[in-house]
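These notes are about the structure you will find just below.
The values are calculated or read from the model by the stated rules, or taken from the named source; none is laboratory data. Given the structure is predicted, the values throughout are model-derived calculations rather than measurements. Counting neighbours? That spans all protein chains shown, and the Cβs are built from the backbone with ideal geometry, glycine included. The protein model used for the area step is the full one, side chains on, heavy atoms only, and it has no ligands, DNA or RNA in it. Shrake-Rupley method; radii C 1.70, N 1.55, O 1.52, S 1.80 Å.
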Amino acid sequence: MSATRAQGVGFRSERGPILIALMLATGLVAIDSTIVATAVPSIVRDIGGFESFPWLFSAYLLAQAVSVPIYGKLSDMVGRKPIILAGIGLFLLGSVLCGIAWSMPALIAFRALQGLGAGAVLPVSITIAGDIYSLEERAKVQGYLASVWAVSSVVGPSLGGIFAAVGFWRGIFLVNIPLCLLAGWMLVRTLHENVERAKHRVDYAGAGLLAASLGLLILGALEGGQGWAWTSPVSLGIFAVGGVLLALFLVVERRAAEPVLPSWVVSRRLLGTTALVSFGVGAVMIGLTSYVPTFLEGALASSPLVAGLALAALTLGWPISASQAGRFYLRIGFKATALIGISITVAGLAVLALTAAAPSVALVAASCFIVGLGLGLVATPTLIAAQSSVSWNERGVVTSTNMFARSIGSALGVAVFGAVANAIYGQTSGGGSNGPAVVAASGAVFVAALAAGVLTVAAVLAMPAVRAATKDGSEDGGGSGEPVLTDAEDSSR
């Protein structure tokens with residue numbers, strides 16, 4: 001496969017319209033992750049269902065996470081363009097239905113449909129960037145895409161607050177309509193693929209078993225200790241059935257002609273270790289995004305806006321370092337760059353954990369910014385190393401596996417951090433409304449996030465030391481269909 005290519009990175013280059021379309025598509029997912037929370041009180045007042053509103057988030061995350069590996073495989077089989085357009089279409093349909101939802105159960109179901117769309121949009125956007133940009137350019141492009149999250153961390157809550165203030169919560173979903181249409185139109189016009197047509201055997205059984213097993217396991221992780229007790233019959237039953245279905249999936253994949261999740265995705269040392277790194281990144285991210293606002297609001301009585309802006313420093317630091325990651329990994333390699341990044345991340349987490357007993361908005365914001373800087377130097381080079389180690393027809397499944405690992409890290413992180421916080425809340429009167437309890441619980445979560453960061457160091461150290469291969473003294477364009485890495489050690493491919 002070859003895609004339209006040109007020199008230069010930026011909006012004015014020949015590939016600029018594609019980059020803008022990818023940023024718009026990414027923005028759909030990024031804004032949605034922050035805009036809904038601010039309107040929950042208005043939604044509950046209008047259509048009820050307070051006891052089940054957490055499912056607005058769980059249903060979306062579940063659908064998104066379980067569909068990512070399937071979309072990745074499909075994009076390798078039929079091309080990126082039809083899959084991302086299908087994802088945008090599903091997200092658009094889900095948004096329209098959410099905007100006219102008449103009850104909480106209906107809204108939850110339509111949020112799951114949105115999640116199915118998001119499961120295609122985010123990983124395929126990153127895969128397209130890997131297809132059309134060279135190894136040297138990809139870090140800059142990741143900086144552009146990461147900047148969308150930084151902007152969304154401010155725009156999302158602000159828009160949600162505005163719609164809630166004027167009593168029109170449905171607007172938080174309907175605002176997606178023009179964005180979806182614009183992103184889809186730009187991709188139709190500007191992204192041109194030459195996909196080799198071949199007869200494929202779709203692994204329907206594997207896809208179904210994968211979605212069902214992971215859905216149950218992630219559901220158990222998300223709701224364990226919150227929706228039901230960890231040792232309850234419901235929890236044990238969900239994990240048991242999920243485990244059996246996962247075992248059946250592994251059996252089916254051994255016999256499938258074109259497995260939806262090939263065994264080499266985790267058996268190759270580089271791909272396995274970068275997936276573990278992505279898992280750690282997901283855990284660290286969810287620890288901060290879930291508890292920093294609660295910490296500041298409960299400990300210092302900060303407004304939601306101030307708490308949100310302090311957290312936004314995390315997504316501000318990420319694109320700054322991500323855009324510069326190419327300068328590092330082209331000189332010192334992917335592993336060394338990731339080691340620098342995870343060291344910075346651990347340092348920021350350590351400051352946050354050690355100073356939790358003496359809360360300060362400025363200090364929390366500074367710590368989040370440092371963590372963001374570090375994560376940009378971890379997530380970007382490890383993802384690009386994984387993408388660059390495979391050919392075009394494997395890049396979709398590799399990218400989606402990396403993103404899926406991050407989702408699993410977030411899901412398990414929510415479960416672990418929630419258990420840590422709830423254990424402390426349960427020992428104090430007032431629970432989450434007790435200021436000292438909030439400080440203690442948040443501090444414990446930050447320590448747990450620091451532990452996740454330290455474990456991620458081990459995953460980075462386990463990576464093979466690979467460098468970008470050169471051809472005639474220049475970096476490979478990444479679209480030739482061949483791996484563009486050389487082994488400084490054994491990459492165990």
Taking just the C-alpha trace of region 40-83, give me its Rg and Dmax in Å. 16.3, 46
Going by amide H atoms built from the backbone, whose H comes under 5 Å of the H on VAL466, apart from near neighbours? PHE334, LYS335, ALA488
Amide H of GLY225 versus every other amide H placed in the peptide plane: which residues, excluding those fewer than 5 positions away on the same chain, fall under 5 Å? TRP230
Per-residue HN-Hα couplings for region 372-389, Karplus 6.51 cos²θ - 1.76 cosθ + 1.60 at θ = phi - 60°, whole Hz, x for Gly and Pro? x, 4, x, 5, x, 8, 9, 5, 5, x, 5, 5, 5, 4, 5, 4, 7, 8
Largest first and rounded to whole Å, the semi-axes √(5λ) derived from the alpha carbon gyration tensor of region 1-127 read 32, 16, 10
Output wanted: per-residue J couplings in Hz (rounded whole) for region 243-251, from phi through Karplus 6.51 cos²θ - 1.76 cosθ + 1.60, θ = phi - 60°, x for Gly and Pro. x, 5, 5, 5, 5, 4, 4, 5, 5
Counting other C-beta atoms within 10 Å, and keeping those with at most 16, which DSSP coil chymotrypsin sites (Phe, Trp or Tyr not before Pro) do you find in region 98-181? TRP102, PHE168
Output wanted: per-residue J couplings in Hz (rounded whole) for region 108-119, from phi through Karplus 6.51 cos²θ - 1.76 cosθ + 1.60, θ = phi - 60°, x for Gly and Pro. 5, 4, 6, 5, 5, 5, 4, x, 4, x, 4, x
Relative contact order computed over the chain (Cα-Cα under 8 Å; 6+ residues apart), in percent: 22 percent
Starting from the Cα of VAL202, move 7 Å in the Cα-to-Cβ direction to define the label point; list residues of region 45-85 whose amide nitrogen is under 16 Å from there. 67-85
Cα centre as origin, Lys/Arg/Asp/Glu Cβ charges: region 54-171 dipole, Debye: 180 debye
To the nearest 10 square angstrom, how much accessible area does LEU97 have with a 1.4 angstrom probe? 40 Å²
Whenever you get a sec, compute what percent of the accessible area on the chain sits on carbon and sulfur atoms (1.4 Å probe). 67 percent
Could you tell me the convex hull volume per residue, in Å³, taken over the Cα atoms of region 328-406? 90 Å³
Mind giving me the FRET efficiency for TRP228 and ASN194? R0 is 45 Å, r the Cβ-Cβ distance, nearest 0.05 is fine. 0.30
Run the quick spin-label model on ALA451 and LEU354: label points 7 Å from Cα toward the beta carbon, then report their separation in nm to one decimal. 2.0 nm
A correct Stokes-Einstein calculation for region 203-275, using the alpha-carbon Kirkwood radius, 37 °C and 0.692 mPa s, returns a whole-number D in µm² s⁻¹ of 245 µm²/s
Which distance in Å, rounded to a whole number, links the C-alpha centroids of region 135-213 and region 267-317? 20 Å
Which value, in debye to the nearest 20, gives the size of the charge dipole of the chain about its Cα centre, when Lys and Arg are +1 and Asp and Glu are -1 at the Cβ? 420 debye
Judged on accessible area alone, 1.4 Å probe, highest first, THR456, THR355 line up as THR355, THR456
Expected field for ILE100, accessible surface area in Å² at 1.4 Å probe radius, rounded to 10, holds 100 Å²
What whole-number value in cubic angstrom gives the convex hull volume per residue for the C-alpha atoms of the chain? 136 Å³
Where does the charge balance sit around ALA275 when Lys and Arg score +1, Asp and Glu -1, over other residues with C-beta under 13 Å from its C-beta? +3
When the Cα centres of region 358-424 and region 27-70 are compared, how far apart do they sit, in Å? 20 Å
All other residues with a Cβ under 14 Å from the Cβ of SER321 taken together, and with Lys, Arg as +1 and Asp, Glu as -1, what is their net charge? +2
Looking at the chain, how many pairs of lysines come closer than 27 Å at the Cα, when each pair is eight or more places apart or spans two chains? 9
Segment ALA240-LEU363, length gained on full extension (0.36 nm per residue, minus Cα span): 39.9 nm
Rel. contact order, % - alpha carbon contacts under 8 angstrom, at least six apart, region 1-137: 32 percent
FRET efficiency for LEU461 and ALA419, using Cβ-Cβ distance with R0 set to 25 Å, rounded to 0.05: 0.35
